[in-house]
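Some notes on the structure that comes next.
The values are calculated or read from the model by the stated rules, or taken from the named source; none is laboratory data. Not measured: the values here are computed from a predicted model. No Cβ is skipped: glycine too gets one built from the backbone with ideal geometry, and neighbour counts run over all protein chains shown. These area figures cover heavy atoms from the full protein model, side chains too; ligands, DNA and RNA do not enter into them. Shrake-Rupley method; radii C 1.70, N 1.55, O 1.52, S 1.80 Å.
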Amino acid sequence: MVEYLVILLDNTSVSYCHYPNDKVQHNLIPVEILKKGIMYAMLENLTIQFVYPEYALPNEYNDVIETIDHCKIVPSTFEDKSLRKDADVIVFNDWIGLDVFHFTSSQSYILRTSKTDFFERYLFLNGVLEKAGRLNVVLTDIETFSEDDFDKYQKILVTLSKKIEKLFAQGKSPQLNLLTDRMLLSEMNNCNAGVSNITLAPDGNFYVCPAFYNLPVVDGNEKTLDDVCQKRFSIGSLHDGLDIKNFQLYRLDHAPICRNCDAFQCKRCIWLNRKTTNEVNTPSHEQCVVAHLERNASRDLLLNIRKYGAFLPDKEITEIDYLDPFDNLNT
Ligand code: SF4
C-alpha cells in the first residue's frame, strides 16, 4: 500500500540516495501541478516528502507547501538558510562544508559519498556522530567494490563501532545507518520504492522513485531527456492516475534472494538492482556483501553496547558464515 508521496520540486532537486542527479537546468514544478500533487496526497492519505533544489523557492511555493503536513529534504547548500534550519533532512553531496556545518540533534543528515572519499575521510564522521541527530551514509558507487574494498570497509566499520560504543557509554544514542539500524530492526526496512512510496516529478508524472525520473535513456526518437523519461519510466500521472506495470516485482515477497535475507537495514535499492543486474528485484553481489558487512558489524556492536542501553532489543543478531545470500543459495 502506498503511504508516502515524494514530490520533486525541481529537475535539480537534490539526490538523497544512490542515484545521481546531473541535471543543471532549473525546471521548477508548475504551481498548479504542486497543488494537484498535494490534493492527490490528501485524497489518498499519503505523507508528503518535498525534495528541494539548491535555490530558494518563490514565496508563492512556500505558502502552498505549508498548507499540508510534510517532511522537507534539502541540500546542505540550500540558499534559504532559515528554511534549512527547519528542514527534516539535510543532504551533503560530498564532504565539502562538513567541517563548518552546524549540526543539530533535531535534524537528520545524509552524506552521499564515493567509496574512495569514504575510505580516506571516515574518521571525520566521529565528530558528526557526536552532534547530529542521525547520519545516513550513502555510498554512491557500491557496484565498484572489489574484494580489497570489502576488507577496507569491514575495518572501517569496526573503527566507527568503537566511536559509537564510546558515545553509548556516555549515555548518548548516536544513529548511524550503517551500524545502528540493524540493531533495532526485527524485519526488513528497505526503501520500498514503488510499493510504499512513489514520486511525483515536475512534469506531473509519477515515477517509482526519483532515480527513474533522472535515468538518462536514449532510444533514438526522443526530443528531450524528460520526454524519454516520461515515455520509459513513468508509472502514471496526476491526470490519468497511478499505473504501475508488474507491481509485484517491487515487492519483497517477489524478490527471491532478499525475502529470505536478514540484513534488515539494507536499502535493497531497486534502481541499483536494475543498473547492475537489469532486474529490479535482483541485487548485485556488491550490494549484498556491503549490507552483510554492516549487518555483522552491527551484531558485534550490539553485543558490546547492550550493557549501556536498556532500550536495545534482547534478541541477538545470529552469527552467519556467508556474506552474499546468493552464494548461500548455491551451496
Ligand atoms: S543484502 Fe542482498 S539479499 Fe539482503 S536485502 Fe540486501 S540486496 Fe537483498
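Numbers at a glance
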{"quantity": "Matching residues in segment 236-273 - criterion: being among the basic types (Lys, Arg) and either surrounded by 21 or more Cβ atoms within 10 Å (Cβ to Cβ) or at pLDDT below 90 (or both)", "calculated": "LYS245, LYS267, ARG268"}
{"quantity": "Within segment 168-182, considering residues that are part of a helix (DSSP H, G or I) and at pLDDT below 95, the one farthest from ALA263 (Cα to Cα)", "calculated": "ALA169"}
{"quantity": "Any hit, segment 268-283, residues being more than 14 Å from the ligand (Cβ to nearest atom), within 21 Å of the chain's Cα centre (by Cα) and not hydrophobic (A, V, I, L, M, F, W, C)", "calculated": "yes"}
{"quantity": "Unmet requirement for PHE311, which otherwise passes all of (1) of a type outside the set (Ser, Thr, Tyr); (2) open to solvent by 10 Å² or more (accessible area, probe 1.4 Å); (3) under 18 Å from the mean Cα position of the chain (by Cα); (4) under 15 Å from THR180 (Cβ atoms)", "calculated": "(3)"}
{"quantity": "Candidates VAL158, VAL195 - the one that is closer than 26 Å to LEU252 by Cβ and either away from the ligand (no atom under 16 Å from the Cβ) or open to solvent by 10 Å² or more (accessible area, probe 1.4 Å) (or both)", "calculated": "VAL195"}
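Results for (1) surrounded by 14 or more Cβ atoms within 10 Å (Cβ to Cβ); (2) β-branched (Val, Ile, Thr); (3) within 26 Å of SER106 (Cβ to Cβ), shown as yes or no for each residue.
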| site | (1), (2), (3) |
| --- | --- |
| VAL2 | yes, yes, no |
| LEU5 | yes, no, yes |
| ASN27 | yes, no, no |
| ALA41 | yes, no, yes |
| TYR52 | yes, no, yes |
